[in-house]
1. Determine, for each peptide in 303-314, 392-403, 193-204, the mean count of other beta carbons within 10 angstrom over its residues, then list the peptides with the highest first.
2. Roughly speaking, what is the stretch gain from Ala436 to Ala257, that is 0.36 nm per residue apart minus the C-alpha to C-alpha distance, in nm to one decimal?
3. So what is the relative contact order for segment 11-170, in percent, with contacts set as C-alpha pairs under 8 Å and at least six apart?
4. For Tyr88, enumerate residues with amide H under 5 Å from its amide H, sequence gap 5+ or separate chain, H modeled in the peptide plane.
5. Strictly over 20 Å apart at the Cα level, which of Lys176/Lys259; Lys259/Lys448; Lys352/Lys429; Lys256/Lys421; Lys421/Lys448 would you flag in this model?
6. Test of understanding: what is the full-extension gain from Val184 to Cys161, defined as 0.36 nm times their sequence separation minus their Cα-Cα distance?
7. Take Asp371 and Ser102, extend 7 Å from each Cα along the Cα→Cβ direction, and tell me the distance between the two endpoints in nm.
8. Go through 368-381, 86-99 and give me the packing order, highest mean Cβ count within 10 Å leading.
Amino acid sequence: MPDAGLFQIIHSLKSLKKMVNINNCAVVILGASGDLAKRKLVPALEALYKQKRLCENSIFIGSGRSAFTDEDFRTHFDVDREFAKHIYYHQYTSGLKSFIASKGVFERIVFFFSLPPVAYGPMARELVAEGFGGESSVIIEKPFGYNYESAKKLDNELASCLKESQIYRIDHYLAKEAVQNIMVFRFANTLFNPVWNNSCIESIQISALEKEGIVERGTYFDNAGIIRDMIQNHLLQLLCILTMEPPVSLKADDIKAQKVSVLRTFRIEECYRYQYDGYLQEKDIRAGSKTETFAEMRLSINNFRWTGVPVYIRTGKALHRRGTEIGIQFKKIPNILFNEKGNLTANQIVFKIQPAEGIIMDIHSKIPGSDDQITRTNMNFCYRDSFGSAIPEAYQRLLFDVLRGDHTLFVSSAETEAAWKLVDGVLDKGDITRYAPGVVPESKLGIKWIDFEKYVSLCS
């Protein structure tokens, strides 16, 4: 029987907040001439506006060092004429408060820092000096620091002029529908709760592969590497959601408390770094760079639920395909009954996070017409097949949640600092092994990775 805490979770899931309209909001994009505003932010805001999630009084302001008229600025974006009327431009932050006031009275003012992380602290101080107070919130993008010390310094800078409740740290993986559904899968289905522990699960495997190399991000990536870029944030967040204890409720603080609690039990036991051939010839890469473009590691989780269950993570660039999957490898059944010869493989659950979202369960079934011949079959849940409509883009959900003051899908200072503390010991350490582009390097972890390739065509 599920415990009382699980029933409380299920009850909370039934009463999730509806996505009601947001009234009288102003969204200011600082660094608005950059690529992020054009590709992600403005299209997401337009989608919310067309869905009538944002009221007619909402305005969207670009701000930066360049000089534009409103009309000039609007031409940067491929939006319809009706939405474009709500877009304005203001150069620099000086006078920004009075500029916003001239457009109306707004209940919520949100600043999106589309800026280098080094500018986060100074920009927050500028906004406070300009007169913005508790009615305003700021959104910042990763990286939240370069290591534990720099992350703590950044948090202290922001805390000197803003409350934690005003700060929204984006990890766009948390807004992916397939990631949000992991909590529902775990806590709204009593079928899985009893087996989600070290008694039944042999290992957890997380694989995040990218087909492209570093593209035009050489300067950033060569100073970061794949551990900072993917593992410290996105993949550790996935692992937290997979392994945390049931929160008391679906309130943001309760969920974050459980994520921090399990995150502090993680230990990195092994870590190996790799670099694809040709990386040193990419644009803006330092001569002789030892930055890793692929990494794999084995972690342990040191608590009663998960002790003895290894976690394997691999992620990298310039590989044979793009895909993020989570594999739950169950323990084999005893050598009795249908498995007297020990040839039945263990059951698996695969969460397909992207690009084709779904959940696949590997089970054994009897072949029709046979006496006792067993074959491996799949039970598939595919988002597009089940729901039909297009899955919302992550930034739509994130921006909407900021406007309604919901921190659930954002990262707290405690989470990001705990994650940096975990990976600090392996950053920029160890030998670099070369690998050919388009090929996943041979694993040094001494394990057999789940064959995620065979699931690529499912839910595609």
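1. My ranking of the peptides, most packed first, is 392-403, 303-314, 193-204.
2. Between Ala436 and Ala257, full extension yields an extra 60.3 nm.
3. 24 percent
4. The answer is Phe60, Ile61, Gly62.
5. Over 20 Å Cα-Cα: Lys259/Lys448; Lys352/Lys429; Lys421/Lys448.
6. Length gained, Val184 through Cys161: 4.6 nm.
7. Here the answer is 8.9 nm between the modelled labels.
8. Taking the mean over residues of other Cβ atoms within 10 Å, the ranking is 86-99, 368-381.
Values in this text are rule-based calculations from the coordinates and carry no lab data. Note that the coordinates shown come from a computational prediction; the quantities given were computed from them, not determined experimentally. A quick note on method: Cβ atoms are made from the backbone with ideal geometry, for glycine too, and the neighbour counts reach across all protein chains shown.
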